[in-house]
1. Test GLU72 against the criterion of being assigned to a helix (DSSP H, G or I) and under 30 Å from GLN247 (Cβ atoms), and give yes or no.
2. Counting only residues that are of a type in the set (Phe, Trp, Tyr) and in a helix (DSSP H, G or I), which one in region 239-261 is surrounded by the most Cβ atoms within 10 Å (Cβ to Cβ)?
3. Out of VAL349, VAL393, VAL384, which single residue is aliphatic (A, V, I, L, M), surrounded by 17 or more Cβ atoms within 10 Å (Cβ to Cβ) and not in a helix (DSSP H, G or I)?
4. Check VAL55, VAL37, VAL49, VAL67 and return the single one that is buried (at least 19 other Cβ atoms within 10 Å of the Cβ), among the hydrophobic types (A, V, I, L, M, F, W, C) and out of contact with any Lys or Arg (no Cβ under 6 Å at 6 or more places or on another chain).
5. Could you give every pair whose Cβ atoms fall below 6 Å, whose first residue belongs to region 364-389 and is of a type in the set (Ser, Thr, Tyr), and whose second residue is assigned to a helix (DSSP H, G or I), counting only separations of at least 6 or pairs across chains?
6. Looking only at region 47-58, decide whether some residue is part of a loop (DSSP other than H, G, I, E, B), modelled with pLDDT of 95 or more and more than 17 Å from VAL416 (Cα to Cα).
7. For region 70-94, which residues satisfy the criterion of being surrounded by fewer than 17 Cβ atoms within 10 Å (Cβ to Cβ) and either basic (Lys, Arg) or touching a strand residue (DSSP E or B) at 6+ places or on another chain (Cβ under 9 Å) (or both)?
8. How many residues does region 115-154 contain that are under 21 Å from ALA278 (Cα atoms) and surrounded by fewer than 23 Cβ atoms within 10 Å (Cβ to Cβ)?
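The values are calculated or read from the model by the stated rules, or taken from the named source; none is laboratory data. Predicted model, so just to flag it, every value in this text is computed and none were measured. Quick reminder, even Gly has a Cβ in these numbers, built from the backbone with ideal geometry, and neighbours come from all protein chains shown.
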Amino acid sequence: MTGINIEPGAHGEQVIRCAWLVNPGAAPRQNVRVTIVDDSVAEICETPVDELSQVAAVALMPAFVNVHTHLEFSRLSHPLSPPAPFPDWIRAVVRYRSANSDGAPFTADSVRAGLHESHAAGVRLVGEISTTEGGVTALQQALEETGNAGVSFRELIGFSADQVSAQLDVADRHVAATPTSDISGSGQDLVRGLSPHAPYSVHPELFEGIVDIARRATAPVAMHLAETIDEVELLQSQTGQFVNFLQSLNLWDPQILSRGTTSLRYLEKLAQAERALAIHGNYFGPAEIAFLSRHPHVAVVYCPRTHAYFGHTPHLWQRLQAAGAAVLLGTDSRASNPDLSVWKELQFVAGQNNVAPVWELLPMITTTAADALGFNREDFKVKVGNRFRSVSVPCECDSESRLNAALIRSAAATEVSL
């Protein structure tokens, strides 16, 4: 059999027989029968010999987590250009937003379309960067439509001192909003977090204030950090393309940033939050890696295909993991990525040389990722007692020795619907 087949059992249960069960961090199991009762996994066992002909040639995995995306760009058919120099790509983002700023329905439709695309690709928990209240509302609606859960990281931007107060008010209102209903097992289907955008777009006083608000509200924080060499140069020496970019917007003030600042300063503040995401981290140095190894509640989010689109130097995710830091995978957005499949991100990473097999990388888009967003990591396993939330990929493979290669080249992951 080449497709997943869900059959009714003798006592009203539902039965799935799959060639492989792949759980995060566990050895794969071959020829597995999963019995589901009332939407929960009741039994996992070897498929009896007389039922082997009914085994589907698929790998069954738990639902995925995409910890970082910008769904407002989900209507794009291809990434924005040029990818370099990076400030020019930012200008393309600003033009795209400006061209569609006349109608909140456009943003709302994009967010909903992106969440539905993510859901179809097996994602059940998402970390979304929300730029407007309309975007937050659209995310909530899409979560209800799909039965998913998510974190709405409200983006805050303001590089000049006169923007600090207003942006802190936005942050306060966002985290103070009433929590919503429980559909995820976490206690809420929509968690509210904060996202000071990046060092080149957030005044240091605004950054400090945002993290303080998040700490008091026990809200998660996400910040783009060490994304480009230009950003590192801006912080260290106050020179380079970001200075030119800020000057073109009449925002540059050499008094705002202290010469010799590094990403470590931002990580030290982020670590005061209960949970934080350092998005990208493409150019962290030894000091940042050492700090992150001691503070795993500040997780690094590597976006592999976006990283490749911008032509960055090889990411240090393996070095970070070896040091004990938490590293997750995200899709970023369609402004820098062809789609929103976090499974394809994992395949991209797994296809690199000297990389662990898929099942050892899977926590980066399941258990470890859920924990980083404040959700129960155990919910993102296929195990007895759990609600059945799973994805499958075609997998024509008859031995574990060839399974990893089969998973890397497999087709897209799809949600398994009961």
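1. Working: assigned to a helix (DSSP H, G or I): yes; under 30 Å from GLN247 (Cβ atoms): yes.
Taking the combined requirement at face value, the residue satisfies it.
2. The selected residue is PHE242.
3. Checking each option against the conditions leaves just VAL393.
4. Values: VAL55 fails: out of contact with any Lys or Arg (no Cβ under 6 Å at 6 or more places or on another chain); VAL37 fails: buried (at least 19 other Cβ atoms within 10 Å of the Cβ); VAL49 fails: buried (at least 19 other Cβ atoms within 10 Å of the Cβ).
Criteria check complete, one pass: VAL67.
5. That search, which allows pairs on different chains as well, returns THR366/PHE380; THR367/ARG377; THR367/PHE380.
6. Yes, that holds for at least one residue.
7. Those that are surrounded by fewer than 17 Cβ atoms within 10 Å (Cβ to Cβ) and either basic (Lys, Arg) or touching a strand residue (DSSP E or B) at 6+ places or on another chain (Cβ under 9 Å) (or both): ARG75, ARG91.
8. Of the residues in that region, 1 qualify.
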